[in-house]
Amino acid sequence: MASVVEELQKDLEEVKALLEKTTRKRVCDALTAEKARIETEIKNKMQQKPQRQAELDSEKPAAVVTPIASGYTVKISNYGWDQSDKFVKIYITLAGVHQVPSENVQVLFTERSFDLLVKNLNGKSYSMIVNNLLKPISVEGSSKKVKTDTVIILCRKKTENTRWEYLTQVEKECKEKEKPSYDTETDPSEGLMNVLKKIYEDGDDDMKRTINKAWVESREKQAKGETEF
């Protein structure tokens, strides 16, 4: 058991190293999914050891209860999410999930992650681990809801009335890596336009209004034949 976990830990470290270097969204998504899968497998392996020890120590073998999740675990990769002023909401579609006992749907929250485990749904378990949430959440204020064929994860924002552009820090970093770098050796006017574009995209409403006003005034000067500095 120990050697298997050690090998998985080595795989996890290598995936993390690759994730830090990748600049392609599809590669980043694939590595992120693989990272979560390995983390789940490590967690399951670590849980198996105390379960096995408990079986060996039992004086009544007939009373040993087989774990609920006797089938294999399916990694959840498809989901949707949106947000309100108070919550970030993650929607996971699982056919028939509303028919399993409520205790079979478990969610563990930390300040920057959540771990969903659905046990014994049509003979399988379903797992979804999301680490490195973009911003901190309130563990006490977060919860889950089970609707028809759907699990809703409600992450309570630690700072209300703030907007999340991405669900995780990894997604943010991948998106930022895709943005073109600003080469100072290229055409100065092109470099300036790229900088202004980035400031506009990242700025608030007041900043956008200021840039729009400056742009309009610049175009008017050009039309009148005035020289810009």
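The values are calculated or read from the model by the stated rules, or taken from the named source; none is laboratory data. Bear in mind that the values here come from a model prediction, so they are computed numbers and not experimental data. Here the Cβ is made from the backbone with ideal geometry for all residues, glycine too, and neighbour counts use every protein chain on show. For the accessible areas, the whole protein counts, side chains as well, though only heavy atoms, and no ligand, DNA or RNA atoms are used. Shrake-Rupley method; radii C 1.70, N 1.55, O 1.52, S 1.80 Å.
Brief remarks on what is shown
- For the stretch 134-159, the tally of residues that are out of contact with any Ser or Thr (no Cβ under 6 Å at 6 or more places or on another chain), of a type in the set (A, V, I, L, M, F, W, C) and either within 16 Å of TYR79 (Cα to Cα) or free of Cβ contacts under 8 Å to residues at least 12 places away in the same chain (or both) stands at 4.
- If you filter the stretch 108-125 down to residues that are in a strand (DSSP E or B) and polar (S, T, N, Q), you find that the one that is surrounded by the fewest Cβ atoms within 10 Å (Cβ to Cβ) is THR110.
- Just one of (1) crowded, with 16+ Cβ neighbours inside 10 Å; (2) in a loop (DSSP other than H, G, I, E, B) fails for THR162. It is (1).
- Index of the failed condition, LEU121 passing every other in (1) at pLDDT 95 or above; (2) closer than 25 Å to ILE42 by Cβ: (1)
- Every residue from the stretch 126-159 that is among the hydroxyl-bearing types (Ser, Thr, Tyr) and either farther than 16 Å from LEU116 by Cα or in a loop (DSSP other than H, G, I, E, B) (or both): SER138, THR148, THR159
- Matching residues in the stretch 129-146 - criterion: being touching a helix residue (DSSP H, G or I) at 6+ places or on another chain (Cβ under 8 Å) and either modelled with pLDDT under 95 or within 23 Å of LYS16 (Cα to Cα) (or both): ILE129, VAL130, ASN131, ASN132, LEU133, LEU134
- Residues satisfying the stated conditions in the stretch 1-60, i.e. open to solvent by less than 40 Å² (accessible area, probe 1.4 Å) and at pLDDT below 75: LEU19, THR22
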